[in-house]
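In what follows, a structure is listed as structure tokens, so that the remarks can point back to it.
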């Protein structure tokens with residue numbers, strides 16, 4: 001607020017003329033007495049004393065009045081209001097655990113070190129990541145697997161809207177069935193052969209017991225290049241998905257169809273039919289092996305198994321067609337099972353070359 005200015009009162013004008021001094025008293029003149037006539041002239045009388053001149057009066061000039069009154073004090077400028085404190089930006093809500101919902105089949109990074117992302121365009125689904133599982137693993141290296149887990153550089157690609165091909169495409173060594181949502185590949189085969197010789201035609205099944213590959217509780221182990229990969233049910237991942245209480249989408253196959261855990265709707269096209277564990281349509285061959293290692297078919301080798309249509313819930317590729325939480329209008333999907341083949345050994349659609357096809 002601007003301060004009010006008070007004009008000082010003009011001082012009173014001093015008296016201009018000092019008091020006129022009093023005129024001195026005129027001295028009295030005394031005429032001397034004429035002396036007696038002398039013989040000639042009498043004595044001249046004494047001249048009277050001249051009167052004292054009066055004191056000149058003192059002229060006092062009155063004090064000049066103060067012309068300008070004291071300038072009023074300028075009012076204190078009002079304090080500028082303090083600018084309000086900028087509101088604290090609200091804390092970003094904690095992201096829910098990735099993969100706790102099954103609406104997208106998106107990336108699951110887990111708790112440690114994983115960098116997976118899953119994106120799509122009009123044609124493809126892209127899964128990129130470092131292959132670090134993001135769940136608890138076994139100890140690597142271990143006595144039966146001398147390799148340590150290390151980050152990879154995966155760039156998987158598959159069709160966003162796949163369709164069934166005219167025939168099944170067989171997998172094989174070096175061909176990945178698909179990838180989990182943490183970018184870890186599903187690899188059903190092992191490069192292990194009877195007498196260490198592929199020419200024998202007898203390939204050890206990773207979970208058949210014929211060779212100890214140092215597999216952990218997630219049915220996985222590590223390649224010499226540090227790549228962690230699944231040979232069976234990825235239990236560390238499945239447990240994060242509460243897989244026994246919902247149809248849990250675990251990953252994407254090389255042809256783009258989804259991969260689910262072992263519990264699916266009892267009736268393929270009825271989402272209200274409850275869950276049960278799916279069974280494959282493979283069984284051990286009867287009798288004994290001809291040539292090679294000999295002995296009964298006991299599951300030690302890939303060649304010990306055969307597919308029987310309709311034996312279980314699933315087809316030759318360990319899949320079926322039905323509704324799922326993510327595809328309520330129905331889709332073909334693969335199922336990971338607790339028994340052979342564990343992971344699909346065939347593709348129903350057209351697999352992408354990024355998976356080794």
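The residue of the stretch 149-165 that is surrounded by the fewest Cβ atoms within 10 Å (Cβ to Cβ), among those that are more than 13 Å from residue 124 (Cα to Cα) and either within 30 Å of the chain's Cα centre (by Cα) or at pLDDT below 95 (or both), is 153.
The set of residues in the stretch 323-341 that are surrounded by 20 or more Cβ atoms within 10 Å (Cβ to Cβ) and either modelled with pLDDT under 95 or not in a loop (DSSP other than H, G, I, E, B) (or both) comprises 332, 333, 334, 335. Within the stretch 225-249, the set of residues being closer than 30 Å to residue 289 by Cβ and over 29 Å from the mean Cα position of the chain (by Cα) comprises 230, 231, 232, 233. Using the structure shown, decide if residue 226 is assigned to a loop (DSSP other than H, G, I, E, B), at pLDDT 95 or above, in contact with a strand residue (DSSP E or B) (Cβ under 9 Å, 6 or more places away or on another chain) and farther than 28 Å from residue 165 by Cβ. No, not satisfied. Take residue 344 and decide whether it is in a loop (DSSP other than H, G, I, E, B) and touching a helix residue (DSSP H, G or I) at 6+ places or on another chain (Cβ under 7 Å). It is false that residue 344 is in a loop (DSSP other than H, G, I, E, B) and touching a helix residue (DSSP H, G or I) at 6+ places or on another chain (Cβ under 7 Å).
The single condition among (1) in a loop (DSSP other than H, G, I, E, B); (2) surrounded by 24 or more Cβ atoms within 10 Å (Cβ to Cβ) that residue 244 does not meet is (2). The residue of the stretch 306-322 that is surrounded by the most Cβ atoms within 10 Å (Cβ to Cβ), among those that are in contact (Cβ under 8 Å) with a residue 40 or more places away in the chain and within 28 Å of residue 293 (Cα to Cα), is 317.
Residue 105: at positive phi, modelled with pLDDT under 95, surrounded by 15 or more Cβ atoms within 10 Å (Cβ to Cβ) and in contact with a strand residue (DSSP E or B) (Cβ under 8 Å, 6 or more places away or on another chain), yes or no? So residue 105 passes the test. If you go through the stretch 126-146 and keep only what is in a strand (DSSP E or B), surrounded by fewer than 20 Cβ atoms within 10 Å (Cβ to Cβ) and under 26 Å from the mean Cα position of the chain (by Cα), you end up with 126, 128.
When residue 282 is tested against (1) crowded, with 17+ Cβ neighbours inside 10 Å; (2) closer than 16 Å to residue 336 by Cβ; (3) under 45 Å from the mean Cα position of the chain (by Cα); (4) touching a residue at least 40 places away in the same chain (Cβ under 8 Å), exactly one condition is not met: (3). Being in contact with a strand residue (DSSP E or B) (Cβ under 8 Å, 6 or more places away or on another chain) and part of a helix (DSSP H, G or I) is the filter; apply it to the stretch 191-216 and report the residue that is nearest to residue 146 (Cα to Cα). Result: 194. Taking the stated definitions as given, is residue 207 buried (at least 16 other Cβ atoms within 10 Å of the Cβ), within 19 Å of residue 346 (Cβ to Cβ) and either free of Cβ contacts under 8 Å to residues at least 12 places away in the same chain or over 39 Å from the mean Cα position of the chain (by Cα) (or both)? Judged against the criteria, residue 207 is a match.
Based on this model, can you work out whether residue 276 counts as surrounded by fewer than 16 Cβ atoms within 10 Å (Cβ to Cβ) and not in a loop (DSSP other than H, G, I, E, B)? When the stated conditions are applied, residue 276 passes them.
The values are calculated or read from the model by the stated rules, or taken from the named source; none is laboratory data. Bear in mind that the values here come from a model prediction, so they are computed numbers and not experimental data. Positions of Cβ are generated from backbone atoms using ideal geometry, with glycine treated the same way; all protein chains shown enter the neighbour counts.
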